[in-house]
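The values are calculated or read from the model by the stated rules, or taken from the named source; none is laboratory data. Please read all numbers here as calculations on a predicted model, not as lab measurements. So basically every Cβ, Gly included, is an ideal-geometry build from the backbone, and we count neighbours across all protein chains shown. Ligands, DNA and RNA are stripped out before the accessible areas are found, and what is left, the full protein with its side chains, is counted by its heavy atoms. Shrake-Rupley method; radii C 1.70, N 1.55, O 1.52, S 1.80 Å.
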Protein chains: 2
Amino acid sequence: MSAGSDQEARERLIDLAAEFYDQFDRGTIPHMEVPTRTKSNIVFDEDADVWVYGDRTSTRSANSVRGAQKLLKAVYTIDFLSDQLEQDRSSTLRELYYLSESWDLNEAQFNDQDESNQLIEDLEIVSEVTREDFHMRPEESGATVMGPLLLREQTRRGEREIHCQEDVGEGGYQIPNNPDTIDFLENDAELVLAVETGGMRDRLVENGFDEEWDTVVVHLKGQPARATRRLTKRLHDELDLPVVVFTDGDPWSYRIYGSVAYGSIKSAHLSEYLATPEAEFVGIRPQDIVDYELPTDPLSDSDVNALESELEDPRFQTEFWEEQIELQLDIEKKSEQQSLAARGLDFVTDTYLPERLDEMDVL
Amino acid sequence: MSAGSDQEARERLIDLAAEFYDQFDRGTIPHMEVPTRTKSNIVFDEDADVWVYGDRTSTRSANSVRGAQKLLKAVYTIDFLSDQLEQDRSSTLRELYYLSESWDLNEAQFNDQDESNQLIEDLEIVSEVTREDFHMRPEESGATVMGPLLLREQTRRGEREIHCQEDVGEGGYQIPNNPDTIDFLENDAELVLAVETGGMRDRLVENGFDEEWDTVVVHLKGQPARATRRLTKRLHDELDLPVVVFTDGDPWSYRIYGSVAYGSIKSAHLSEYLATPEAEFVGIRPQDIVDYELPTDPLSDSDVNALESELEDPRFQTEFWEEQIELQLDIEKKSEQQSLAARGLDFVTDTYLPERLDEMDVL
């Protein structure tokens, strides 16, 4: 599941189609085996330290009209992706769905975008090539980076060398759809701080946290795009930087941390490519709500349900998370990261983050 | 309502507080007059060619406990903003809400963020200073720009000269929260194309539309942030470039065009600062759905309601919009901009946009 070359991605796709051909040739009904993608079929991979799919599989088989149609669509899609790679083009998932209307066989066309999205995920899993290496772009791009880092991005228009403090405006460096086009050239960084909200990202930049603490501030922009998670992982693995995640203090934000650290159920096949298992959670912890007497909102019913479901989620079955989630269910409150402003605009950069990062032995 | 200096913004705020003082002094009950902000109170300003508030006003008066509390909050907020401007700091609307918890008087604290947001809007209207000039940042920043444009951004860390094709990655130049910190230095542009979706923005960049047609591609990212609308207006006014808006073909997207061109009801006081009345709509028009036989989805009930409400909206009472909206209600269908991919990935840049822009006499 490495970046690989376009040629290699193309060959793996064609191998899949060849496999159907061989199955026909052997007189067996063509089929494709994919891991079952449900919470009960994700298991912890001790070597990689991330959650991956377990042994249970589902079979897409041509032994029914519906199944045969699925495989037909797979073959047309493989043909499209193979052409796309050969021509060094790219497209979005939505374009693929619409493009299918131009295919000569009506039966090969997708009924809705869920169907084409799921097929691309199946192909990723079975071929062990990432969507990015198929040149499939997401609808919305990654977020931004600000920090002491010089990088080189390989664009269609040539190479660009960009320093993520000196060569960018206050908005920062915009992460491209496929961050594997980036090489890290030089850095003076000690830490990667991945931040959920734009308001807090701007606060850290205004207060010069990236300069004072040699920190690469990555804006997650809510639930992070794949490009953002991939870049975060590469910053950790290649530059040997600790990654710390800073979000609101509610169950939805803990899932944002979870998707950075452990991957998501939907993309467990990509955990090794996207997840940063060493990423730590700085806050807002329920403990912070108590310790710093933050302004709060009451938990809604759906918050409570989400917290309870996290207690059941293997990704959150650690001492830290069980303690924090139990505490939150007990105090029945949540706080946003910007609620730290109740102590003044500098509290987050002068007090909260230095204290917490020191406690965590990160700084 | 010009950018003005921090000093000027500060003086106008202090003048407001001084007015309350004078009212006390004269023995009148302190009050503040603001235009009524509803659809029935926006009128067309023939000179500026945008929709602005009409003559109806609402009074925030201290003649009730609730009214007096509103004015108290206004005074505390003016004090905070005045300090912020003096110290050259900035903050988000959400931070202001939380910050109020640190104020010494409980009665001055905001009950919820709607209250503090509305107060800032009131202050904008009455002082005729924009939120940006109060140094209030939005939660989420503007979108990105790609095109033949060299600009200089004044950041807190010094000036940055950035060419929006040569000095940026494929993600483009990230618009800062306050685009009035930008000076346009040089450009070879013929057109500004403001694009709703990230998928289409990436398609145009991949196909090199910005290079081939000397176009500044501005990504709107759905309903555009104020920063994006302000930058678009400045590109039009200062560089004398035509602005063309390219969205999905549904009533929600027509509102995106509306907010670029005519301003919004919520911010009609800012129309002169944010709106580009000369902006034209390229599509997706309902007529395009018919002419190009695009893949469609049926209109939902809420789509139909939104179209009918647009027919009542003074901003859409033009021949063009009445014809198009009637046609859409007739065909009962909508199309996304990426549905053009049904004709191939190059159709939008080789055929659709050149044809439409030629018809519109823009290219």
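Largest first and in whole Å, the equivalent-ellipsoid semi-axes of chain A read 40, 25, 17, each the square root of five times a Cα gyration tensor eigenvalue. Distance between the pseudo-spin-label points of B:ASP112 and B:ASP45 (7 Å out from Cα toward the beta carbon): 3.1 nm. Looking at the square roots a ≥ b ≥ c of the eigenvalues of the Cα gyration tensor of segment A:288-363, which shape do they give, rounded for a/c under 1.5, prolate if a/b is larger than b/c, or oblate? Judged from the Cα gyration tensor, segment A:288-363 comes out oblate (a/c at least 1.5, b/c at or above a/b). When both segment A:56-98 and segment B:67-102 are represented by their alpha-carbon centers, they are found 55 Å apart. If both residues of a DSSP beta bridge must be in the protein assembly as shown, then about 65% of such bridges are antiparallel.
Solvent-accessible area per residue in chain B equals 40 Å², computed with a 1.4 angstrom probe and all protein chains kept. To put it simply, the accessible area of segment A:1-58 at a 1.4 Å probe is 50 percent carbon and sulfur. For segment A:196-243 versus segment B:162-187, the inter-centroid distance based on Cα atoms is 21 Å. For segment A:213-307, the spread of Cα positions along the three principal axes, ordered from largest to smallest, is 40, 35, 19 Å. When each of the peptides B:267-279, B:60-72, B:24-36 is scored by the mean number of other C-beta atoms lying within 10 Å of its residues, the order from highest to lowest reads B:267-279, B:60-72, B:24-36. Its Kirkwood hydrodynamic radius, worked out from the mean inverse distance over all distinct Cα pairs, puts the protein assembly as shown at 27.7 Å. For chain B, complete DSSP H runs whose alpha carbons reach 24 Å or more along their own long axis and whose mean Kyte-Doolittle score is -1.0 or higher are B:6-25, B:65-86.
Fully extending the segment from B:GLN69 to B:THR351 would add 95.6 nm, taking 0.36 nm per residue of separation and subtracting the current Cα-Cα distance.
Shielding of peptide A:194-204 by partners, expressed as the average count of other chain Cβ atoms within 10 Å per residue Cβ, is 4.
With the label put 7 angstrom out from Cα along the Cα-to-Cβ vector, A:GLU190 ends up 5.3 nm from the copy partners, going from closest to farthest.
For chain A, the mean residue ellipticity at 222 nm estimated from helices alone is -12000 deg cm²/dmol, where every DSSP H run of n ≥ 4 contributes -39500 (n - 2.57) and the total is divided by all residues, rounded to the nearest 500.
Here is how far apart the B:GLU278 label points are across copies: 5.5 nm, shortest first, using a point 7 Å from Cα toward Cβ. Considering only A:LEU329, A:LEU193, A:PRO176, and ranking their Cα positions along the charge dipole of chain A that arises from unit charges at the beta-carbon of Lys, Arg, Asp and Glu, the one farthest toward the positive end is A:PRO176.
Of the solvent-accessible surface of segment B:275-363, computed with a 1.4 Å probe over protein heavy atoms with every protein chain present, carbon and sulfur atoms account for 39 percent.
Counting only Cα atoms, segment B:249-295 measures 40, 19, 9 Å along its principal axes, largest extent leading.
The overall shape of segment A:79-196, judged from the alpha-carbon gyration tensor, is prolate: a/c is not under 1.5, and a/b is greater than b/c. Sorting the Cα pairs of segment A:1-139 by distance into bins of 10 Å, from 0 upward, gives 11, 39, 37, 12, 1 percent per bin. Chain B residue nearest the rotation axis toward A, with distance: B:GLN174, 3 (Cβ to axis, whole Å). Sorted from closest to farthest, the other copies place their A:LEU329 label points 5.3 nm away, with each point set 7 Å from Cα along Cα→Cβ. Within a straight-line Cα-Cα reach of under 24 Å, B:LYS221 can be paired with the following lysines, leaving aside sequence neighbours fewer than 8 residues apart in one chain: A:LYS221, B:LYS233, B:LYS266, B:LYS333, B:LYS334.
The Rg/Rh ratio for segment B:159-282 is 0.94, where Rg is the radius of gyration of the alpha carbons and Rh is the Kirkwood radius. When the surface is traced with a 1.4 Å probe over the full set of protein chains, A:ARG343 keeps roughly 110 Å² accessible. If you take the square roots of the eigenvalues of the alpha-carbon gyration tensor of segment B:198-249 and sort them as a ≥ b ≥ c, do you get rounded (a/c under 1.5), prolate (a/b over b/c) or oblate? Note, shape of segment B:198-249 comes out oblate.
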